[in-house]
Structure formats: structure tokens, C-alpha cells
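What follows is a short report on a single structure.
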Amino acid sequence: MTGPAILLLLAGLGAIAWVSARARALRLQTVARATGRRDAVHSLPGYHGWYVALWTLIPAAIFLAVWANVVPGLVTQSVLADPAAQSLPLDGFSRSAILGEARAIASGDQAGAFNPLSQGLVEPYAQALNKYGVAGGVLALVLAFAGGAYAFTRIRPDFRARTRVERLVMASLLIASLIAIVTTVGIVASLLWESFRFFSMVNPIDFLFGTKWSPQSAAMGYGNDDAFGAVPLFWGTIFIGAIIAMIVAIPLGLMSAIYLTQYASPTVRKWMKPTLEMLAGVPTVVYGYFAALTIAPALRDFAVAIGIHGASSESALAAGLVMGVMIIPFVSSMADDSIAAVPQSMRDGSLAMGATTSETIRKVLIPAALPGVVGGVLLAVSRAIGETMIVVMAAGLAANLTVNPFASVTTVTTQIVQLLTGDQEFDSAKTLAAFALGLVLFIVTLLLNIVALRVVKKYREAYE
Amino acid sequence: MTPMTEEQINLTIDNPKMSARDVKVFYGEKQAIKGVSIDVGMDHVTAFIGPSGCGKSTFLRTLNRMNDTVASARVEGEITLDGENIYAPSMDVVQLRARVGMVFQKPNPFPKSIYENIAYGPRIHGLAAGKADMDVIVEKSLRRAGLWEEVKDRLHDSGTALSGGQQQRLCIGRAIAVEPEVILMDEPCSALDPIATAKIEELIHELRGRYAIVIVTHNMQQAARVSQRTAFFHLGDLVEYGVTSDIFTNPRQERTKDYITGRYG
């Protein structure tokens, strides 16, 4: 029996369980109503239906999930017990290659064998697969029936099916939210593990404070010393994401927020705000295009024209400017929220003193909204330093430690992309460096986010 | 339209500080004030009373053009300050609001220090020549607001850390600091406890004569306690205006009488 067939069958069983349980509860309800007690049946018939259906499906589903993970091991064991397996080589790699091929043929994914040894194992494999498949299917169906029958016998007028179903709904919601958390933990764990391996090859001090970044030379056998100094990358990231981009995004974002909250008429606001927020929806690769093909060459020509040395066709300025534009909606919508959250009474108070609108904005609204604005800027910075596509396309690969905005610099994210694209061996320091960089980036953005959210939260409470 | 009868003869007073003539206020299509004429004098506290939604706060806000901040609001008629029409194009609203200060229903100190709250207005209008000058203004304003003794040792603490009553006196001090001629108070005690309310009322007594004070209140006892003249508003009309003791002991209009005796409101 194949997997999809079993699942379909189970779904059918669940539907039958729902219909029949509901029908039974309905009958009970009718009987109870006839005796004149309308509260005689605790839960609505639909809840009884769900209760029985869930009892039919969930145990069987859990069993199948576990079974799917256990079966490959069992199958391999039984194949190895077959006389045909005695001739297999003992060496692990070729052995598992042969087994894999036999399995692929047996399950119909592959037409013929390259290795004659695997041809002999196809038959035992097919048998074992079939055996365990049927066993699993039968067990699942038995479980479904058992669960359904157990639940069905519990349908009584005073049975609290609704409470049980509600509890189950809650549990499933909890699981849904746990999945996101568990995934995060898993990612962090893998980052930590790979970084740990990297740091066993490269001294963390050299990594964090070294100023020479040339992983290629390390890969070519010149040794790991001095090759993984990440300071140029950190500098490039900060230069582009936290300095140039913010010089663009903070004033523009703040001013547009002020205009939208204080000056714009409702009609203008209705059109401008969504338009501005559309900027945030443009795929970053499009910005990357724009930065690499339009802005960067223009800046290079400009720099050459005014005689700046070291101007490159990929520059920190191009990437930073475009990233700044991309970030504007983040800053402006956070600033917008926090300015709008300053109570109207504060504004009235200032206007009633004879202050003009702009005095009120400068002296009352902005100071009062400042924590929220700062929180927004921190979130924007954390977004900017994690941004990849624009810098990959427009910032360049040369790990220069320079303050010349027209020169090419590289960032943490760009280097991660460089280190991990293409075929890589996962035991060299060069590849593992990507994980260490990822870890640093993760920690920094996490801290920025925590600080930003705290600041914003504290501020929100101030006026409530 | 309420007929203009001899009962409303008290409408005008000698030497008015501000006078309104046939003032109508619209919010979009809706008319909130239906032709109000009234004089406000320098020597007494004027109370506006009336049930919720009667237009008394709306009318108060026309006196320093705070309705300008409401996009849909439109004001017709004439309001003068010392004989000068405040809705004339030549009138600078910034100057007007410096002369006609306002205290709001809920204390709304800026999230700045006590000192900075008071210094805010003088700084905007350039009233202080230097730090020493500003110190004098701050102390004088806080003294007049009856808050100096309580806060003189912590002038640089945040204004929002004060109690509600102190905050409201801070807001009064803030309004006083720009040397206004008229102070409008929009239910200044409605968010305060009875003790804080008593302090504000006492303060209003002390400020009388120095400023023309107009106070909107829900509380008829308060109107009776603090004011010398009372105007009763109902459904956008000014029903009756006169000496406070007359209004409360001998109302001429049926509606006023009903309101004061608690028939509605």
C-alpha cells in the first residue's frame, strides 16, 4: 500500500467518523430535547463529530510520522540479513552507494543498475519495502479504527466534547507557534556548531580584530593565519548600512513622516503613505540592479571627473545610497507611528502657547517621539546590515579598509554569499568562515532588535 | 432661535476685553454654535456652563482660534480682542495665542523638565534676554500658579512626574509665563480630585483682575464659587448671560432654571 493511498483512506475514515458521530449526537440531542431539557446535551453535535474524527486521525497520523522515520532502518537491516548482501564490500562509502542504488531501483526511481552487486539486492529490497509498507498501513488503519471506536463510545449527553476539542485547537496553535521558535533555535545551533569548528581552526581574536581578509589564499594552502581578519568586512557593512544608508534614510524618512502626519491633507496622506510603503515591497534584487547599473557607473564617472583617486565602478556610496532609499519606508513608518502617538493634547498645548506648527514639531513632537524614532532607526540599521542583494551587486568584493565612499568595499553578507556559492568542501576554514560571519551578523542584528523593541515599548507606555 | 429679550440685556458689559457678535461655528455641515453674542470683561471670571455637547467648549476655542487646527471647522461672525477682529486676515494667530492663553481639560505638560515647561512660551516669543531673565520669569510664573514652593527644589525634574493637580497648575503657570491678557480654561478641574480642584479654584481667585479669565465647567457649584458672571449654553445657543448670583438664584429663562435645578443636563 502506498503512502498517498493510506492518507486518503485515513481522510475518508475521518470524514465518516465525523458524520456518524455527529449523527449520533444529534439523535441524543433530539431524545434529550423530547424530554424537555434543552441543556441535556452538553456540546453541540458538531463538536462530537470533531472529537471522534480527531481521535480517528491524530493517533494514526502520529504513528505514520514515526513509522516513516523508523522504516528505512528496518528495511536496510532486513536487506542486510539477506544472503545476497554477504558479498557487499565492507567499506562504508561504496556499500551505502550500492544499497542506495538498489533502493532506488526497488522503489522504481531508477531503471537499471550500474553496479551488478546492487542488482542482486533489488529483490530483497522490494520485498522488505513492501512488507513494512503493508504493515505500516495496516497498523495505521487499526489505530484509526481503535481511536475512532474509543471516542465514539464516549458520546453521551453529558460528555464535554466541546471542551476537549477546544483544548486540542489550543494545542495545535501552540505547536504552530513552537515550530517557528524551534526553527530559530535550530538555525542558531547549527550556526554555533559550524562557527565552533571554524574557531578551532582560526583564532577568534584574529577573526574579530584582524584587518586582512583573503580566504582564497587560505584555501590555496598558504595557511589560515592572517587570512580571516574580518574587520574590513565589518567596516564595509557599517560604512554602507549604518552610515551611508542612514545618512540618506534618517532625514528623508523623518521629514516625510513629519509631512505626512502634520502637514498633509487627508487625501494626500491617503495616497502618499501607501506609495511610500510600496518602496518596502520592491524586491531588493531590483534595487541591486538599479545600484549596479545606474547609480554606480554615474558615481564613478563623477568621482573621476572631480579627480578622486581609487574610484571604482562598484562603490560603497552606490550601494549605500540605494540601500538608504530602500530603508526610507522603515524609518518613516516607525517615525510616523511614534509622532502620531504623541497625544493631540501635547500639540494643542504648544499651539495654544502661540507656537507655530514647525516650532511645535521641533520642540515638542520630535523630542516626545524621539525614543520611537530611535527604535525605528535601530530596526532600520539591523535591516540594512543584513541586506544582501544590493551589496552583492553594487558594493564589490574587495575587502578594502577605506573611508573613501567611491572605493569598492565588501560586506559580511556579500562575503557569506561568496564563500558559500558553488561547490564547497564543508571542512575547510574558508567555507566555515561563512558560518562565523553569519553568527556575528545574527548576534548584532539580534541585539539591535532587542534594544530597538525595548526602546519602542518603553516609549509606548509613556503616554498610556 | 432664542428671541433677544430684555432678559438678555446683560449681554454687553462696559469696557469689554473680548466681545463676540453673532458667532456661528460649523463642523462640516453640522452647526455647533448658532449665533452667539457675548462680552467678556477684564475684572471678573466668566463661567460657561451647560450640558454636554452644548457648544461651550467649542465657543471657548473660537476665542483663541484653536478651532483653526480642526480642518473641518468654520467660524462666522466677529470676535474682537480690544476692539480688533481676531479673525481678520491681518491678525497673526501666533500673537493672538500669546495674548489669549489656554488651559486644557486634561493636564498636558510637555515631557520636559518643570523649568523647560514654563520657559517654553517665553522662549518662543523671545521674552527673556538671558538665562537670569528666564529664571526670573520661571519663578514669577510658578509663584503666580501657586506651585513655586512645591517645586522650587526640583525644577529640573520632569513635568510629567508631578501629580495631576500640580500638572494642571504647571499648565496654568505655563500659560501665565507668556504674559497673556486673557486665560481660557476648558474644564480645568474635570480630571482632578476635590483637593486639587480646590487649589485650582483658589488660584483662579488670585488671578482674577490680573487676567480676563473664562472658564468652561460642567460643575455648577464650581461656576458659582469661582465666577462673577455666568453664561448658560444649550444646544449651541447662548440662553442666558448675567451676574453669577442672579443666574443661580433668579434665572430668567425657563431652560436655565431647569438646568440649574437639575431637571436635565
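The values are calculated or read from the model by the stated rules, or taken from the named source; none is laboratory data. Remember, it's a predicted structure, so these values are computed and weren't measured experimentally. Note that each Cβ is placed from the backbone with ideal geometry, even for glycine, and that neighbours are counted across all protein chains shown.
Residue selection: A:ARG269 fails the criterion of being among the basic types (Lys, Arg), assigned to a helix (DSSP H, G or I) and not assigned by TED's automatic domain parsing to the domain that holds A:VAL412.
For the stretch A:291-305, does any single residue satisfy the condition of being closer than 25 Å to A:VAL403 by Cβ, among the acidic types (Asp, Glu), without any contact (Cβ under 8 Å) to a residue 40 or more places away in the chain and assigned to a loop (DSSP other than H, G, I, E, B)? The answer is no; no qualifying residue exists.
When the test is whether a residue is under 15 Å from B:GLN105 (Cα atoms) and out of contact with any strand residue (DSSP E or B) (no Cβ under 9 Å at 6 or more places or on another chain), B:GLY209 does not pass it.
I want to confirm something. Restricting to the stretch B:18-34 and keeping residues that are in contact (Cβ under 8 Å) with a residue 24 or more places away in the chain and surrounded by fewer than 18 Cβ atoms within 10 Å (Cβ to Cβ), which single residue is nearest to the other protein chains (Cβ to nearest Cβ)?
B:GLY28
You will find that of A:ALA380, A:ALA398, A:ALA394, the residue that is touching a residue at least 12 places away in the same chain (Cβ under 8 Å), more than 20 Å from A:ALA227 (Cβ to Cβ) and either out of contact with any Phe, Trp or Tyr (no Cβ under 8 Å at 6 or more places or on another chain) or of a type in the set (D, E, K, R) (or both) is A:ALA394 and no other. When we screen B:SER72, B:SER52 for residues that are over 28 Å from A:THR356 (Cα atoms) and touching a residue at least 40 places away in the same chain (Cβ under 8 Å), the only hit is B:SER52.
Of all residues in the stretch A:347-399, those being in a loop (DSSP other than H, G, I, E, B) and either within 11 Å of another protein chain (Cβ to nearest Cβ) or among the charged types (D, E, K, R) (or both) number 5.
Residues that are charged (D, E, K, R) and within 7 Å of chain A (Cβ to nearest Cβ) were ranked within the stretch B:92-111; the one that is surrounded by the most Cβ atoms within 10 Å (Cβ to Cβ) is B:ARG97.
Residues of the stretch B:59-84 that are away from every other protein chain (no Cβ under 14 Å) and among the hydroxyl-bearing types (Ser, Thr, Tyr): B:THR80 alone.
Residues in the stretch A:334-346 that are facing another protein chain (nearest Cβ under 7 Å) and crowded, with 24+ Cβ neighbours inside 10 Å: 0 in all.
Can you pull out every residue in the stretch A:355-377 that is among the aliphatic types (A, V, I, L, M), within 24 Å of A:LEU448 (Cβ to Cβ) and crowded, with 22+ Cβ neighbours inside 10 Å?
A:ALA368, A:ALA369, A:VAL373, A:VAL377
Only a single criterion out of (1) crowded, with 24+ Cβ neighbours inside 10 Å; (2) within 14 Å of chain B (Cβ to nearest Cβ) is not satisfied by A:GLY324, namely (2).
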